[in-house]
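The values are calculated or read from the model by the stated rules, or taken from the named source; none is laboratory data. It should be emphasised that the depicted structure is a prediction, and the values quoted were computed from it without experimental measurement. Don't worry about glycine lacking a Cβ; one is built from the backbone with ideal geometry, like all the others, and counts go over all protein chains shown.
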Amino acid sequence: MTALPLRQSFAEAQPLTYARDTHGPDSAGLVRKHMPLVRRLAWHVYGSMSTVVEVEDLIQIGLVALVEAITAFEDRGLVSFEQYLTTRVRGAMIDALRRQATLTRGAMRRRRAYNDALAALTTAAGRAPDEAAIATKLGVTIEKMRTDYATAEALRFDPLDEVYADDAPWFASDEPDAFEQLAESDLRETLIEAITALPEREAQVIQLYYVEELNLEEIGLVLGVGAARVCQIKAAAHARLKMALAKRV
């Protein structure tokens with residue numbers, strides 16, 4: 001049998017020792033029994049996140065979750081321990097990745113596709129491919145390959161004090177200036193008055209749709225009507241508001 005790498009052996013020995021010392025020999029046996037499941041889950045997660053995490057780290061996280069699951073599991077006849085363990089271990093791994101990840105999912109996929117294409121072409125030709133070959137392999141243009149694939153690196157966080165400037169476009173405000181706000185104040189007041197004058201149900205729909213950002217189905221649940229009826233009420237409210245604004249203009 002091939003010996004496991006030292007890092008993996010040590011990672012697996014720690015939870016086993018903890019389970020034996022804290023929860024008794026039965027718990028240590030459960031840890032040993034379910035180690036293969038933890039390793040399979042780790043490799044599965046690693047397959048989709050291999051650019052940002054080491055599989056040994058995922059195994060360590062999974063083994064800690066295994067020990068915790070042994071303590072927390074209550075057999076109520078609804079799910080088996082293996083089902084509970086699978087959910088808990090995978091959740092622990094994903095939570096750890098979310099806390100540590102500095103790449104978006106799209107960037108990780110593009111970076112992995114770039115690396116896979118580079119490796120495949122290098123193996124086939126026996127030398128490093130040029131940009132045109134990699135772009136063709138990916139099915140994109142050279143420009144897109146350069147901007148979206150080859151440079152898909154981790155996000156970098158710079159201290160705000162070092163990058164802030166009043167005249168920098170990144171910190172410019174999109175809000176209208178004071179003169180624009182004064183010019184729109186009359187129209188705003190007219191709109192407020194028109195909404196206030198709406199029938200109660202129409203005003204409720206406007207409030208729920210534009211302020212609370214509920215969709216038609218959700219508004220229907222609140223008002224006790226169907227989505228089609230909500231759509232009719234909203235259309236009637238829009239017609240009243242347009243009429244009120246047209247009179248003011």
Of the residues in the stretch 205-233, those that are surrounded by fewer than 14 Cβ atoms within 10 Å (Cβ to Cβ) and part of a loop (DSSP other than H, G, I, E, B) come to 212, 213, 215, 224, 226
Please note which helices (runs of 4 or more DSSP H) are completely contained in the stretch 3-96 and include at least 3 residues that are modelled with pLDDT of 75 or more and closer than 27 Å to residue 111 by Cα. 25-49, 55-72
Return the pair list, or none, for Cβ contacts closer than 9 Å from residues in the stretch 122-146 that are in a loop (DSSP other than H, G, I, E, B) to residues that are among the aromatic types (Phe, Trp, Tyr), at least 6 apart or on different chains. 140/149
Quickly run through the stretch 224-239 and pick out the residues that are touching a helix residue (DSSP H, G or I) at 6+ places or on another chain (Cβ under 7 Å) and within 15 Å of residue 198 (Cβ to Cβ). 230, 233, 234, 236, 237
